[in-house]
Amino acid sequence: MPVRPLNVGVIVKLEPDFSEGNVSYNPDGTLNRAETKNILGPHSAAATLAAFYCKVKYDARVAIGTMGPPIANQALQQAQIISNADELHLYSDRIFAGADTLATAEVLRLGVSRMNNGLGADIVISGHRASDGETGQTGPQTAWKLGYPFIGNVIDFHIDQESRSIHAKRLVVHWRISSSSTGIPGPCPAYSPDNCPQKAKPNKNGNL
């Protein structure tokens, strides 16, 4: 029996390029993205590279989505360079402005459900966190809204396409003592944030 193709969804975020040292704010204290130099976040870049790994190893179909103003399309274009994605999705509406993490997760949930020609995703990958937020909540909340198991602190993974399952290697840090890794199996679909941003640090043009 032929194995059903693997569908991968990636959630990325356009973030300020703090290396440039010039971040602009609006009078209400929110970030002025139009006047601030932006780049695909390093954690998002790592997630995008993980999706490219799936494309090469499993011949997966990759869809990438981001929520934000029209300028957030820059993140999609940079992610496209890294992953050779099949679909790019921009979720943009003025009503999203100032959304908290739970509202953002609801938008992303609907976005993921429409990825890959409406088939959704067998595995959703995102960055561990965003440099301009650092909450780390959007990923787990999106997984909860999708009804997907959440597998955090992932540093490596393998997918069994026949059984539709994932085996993830997770980083476990023992505070002030040491760090180790542990393996954990899980069913697909699943949600996993990539925890190794050092794998992929794109330059200002989105190139690795």
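Bear in mind that the values in this text are calculations on the coordinates, not laboratory data. Every value quoted in this text rests on a predicted model; they were computed, and no experiment measured them. Here the Cβ is made from the backbone with ideal geometry for all residues, glycine too, and neighbour counts use every protein chain on show.
Listed values, structure above:
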quantity	calculated
Placed amide H near Ala130: partners under 5 Å, 5+ positions off or other chain	Thr135, Gly136
Using θ = phi - 60° and Karplus 6.51 cos²θ - 1.76 cosθ + 1.60, couplings along region 41-47 (whole Hz; Gly, Pro as x)	x, x, 6, 5, 5, 5, 5
When region 7-199 is reduced to its Cα atoms, the Kirkwood hydrodynamic radius in Å	16.9
Dipole in debye (nearest 20) - region 7-199, about Cα centre, beta carbon charges: Lys, Arg +1; Asp, Glu -1	340
Pairs of Lys in region 7-199 closer than 28 Å at Cα, counting only those 8 or more apart or on different chains	14
Amide proton proximity set for Gly41, modelled H, under 5 Å, gap of 5+	Lys13, Glu15
Sorted peptide list for 186-192, 92-98, criterion being average Cβ within 10 angstrom, highest first	186-192, 92-98
Two-site FRET efficiency, Leu102 against Ile81, from Cβ-Cβ distance with R₀ of 25 Å, rounded to 0.05	0.20
Karplus 3J(HN,Hα) series, Hz, for region 97-105 with 6.51 cos²θ - 1.76 cosθ + 1.60 (x for Gly, Pro)	4, x, 5, 7, 5, 5, 5, 4, 4
Nearest-0.05 FRET efficiency for Asp93 and Glu35, computed from C-beta distance (R0 22 Å)	0.55
